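The next block holds one structure in the form of structure tokens; read it before the comments.
The values are calculated or read from the model by the stated rules, or taken from the named source; none is laboratory data. Please read all numbers here as calculations on a predicted model, not as lab measurements. Every residue, glycine among them, receives a Cβ derived from its backbone with ideal geometry; neighbour counts consider all protein chains shown. Protein only, heavy atoms only, side chains kept; ligands, DNA and RNA dropped before computing areas. Shrake-Rupley method; radii C 1.70, N 1.55, O 1.52, S 1.80 Å.
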Amino acid sequence: MLGGQVSLEVGIGAAVLSSIVGAAWGAAACFAGGALDSVPMRLVDSVYAIPPILLVLPMGSKFVPRTWMLIMVISVVSWVPTATLSYLGLGPPPP
């Protein structure tokens, strides 16, 4: 029973954290507009270019294996699609 509880905590925690970070990042980039929105979205593109396993394995081996740390490690690679979707969903800022 405890394994299922930890799995749910990690899954829900990572989903909530990555949704909050990704939505805030994408919305901030969209509302900045102009040349300012290209800088955060280029960072998103560069994180997309790196395979997630290359980010997760070094971080997972470096930090202490705790539930909250696992949530953070998974959220590091999970916020990127949410940032892209919130950026595209809000549309380009008006001229």
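Radius of gyration (Cα atoms) of the chain, expressed as a multiple of 2.2 N^0.38 Å: 1.24.
Please tell me the relative contact order of the chain in percent, rounded to the nearest whole number, where contacts are Cα pairs under 8 Å and at least six residues apart. Let's see the in-between values first.
Working: 87 pairs, mean separation 47.7, N = 95.
The value is 50 percent.
Model label sites at SER46 and GLU9, defined 7 Å from Cα along the beta-carbon direction, differ in position by 3.5 nm. Heavy atoms of the protein only, probe of 1.4 Å, neighbouring chains included. What is the accessible area of ILE53 in Å², nearest 10? Answer for ILE53: close to 100 Å² accessible. Anyone know which of SER61, SER38, SER75 comes out most mobile in the 10 Å Cα GNM of the chain? In this elastic network of the chain, the residue with the biggest mean-square fluctuation among SER61, SER38, SER75 is SER61.
Just to confirm the filter: which chymotrypsin sites (Phe, Trp or Tyr not before Pro) across the range 42-95 are DSSP coil and have at most 14 other Cβ within 10 angstrom of their Cβ?
Details: sites: TYR48, PHE63, TRP68, TRP79, TYR87; in loops: PHE63.
Sites meeting the loop and neighbour criteria: PHE63.
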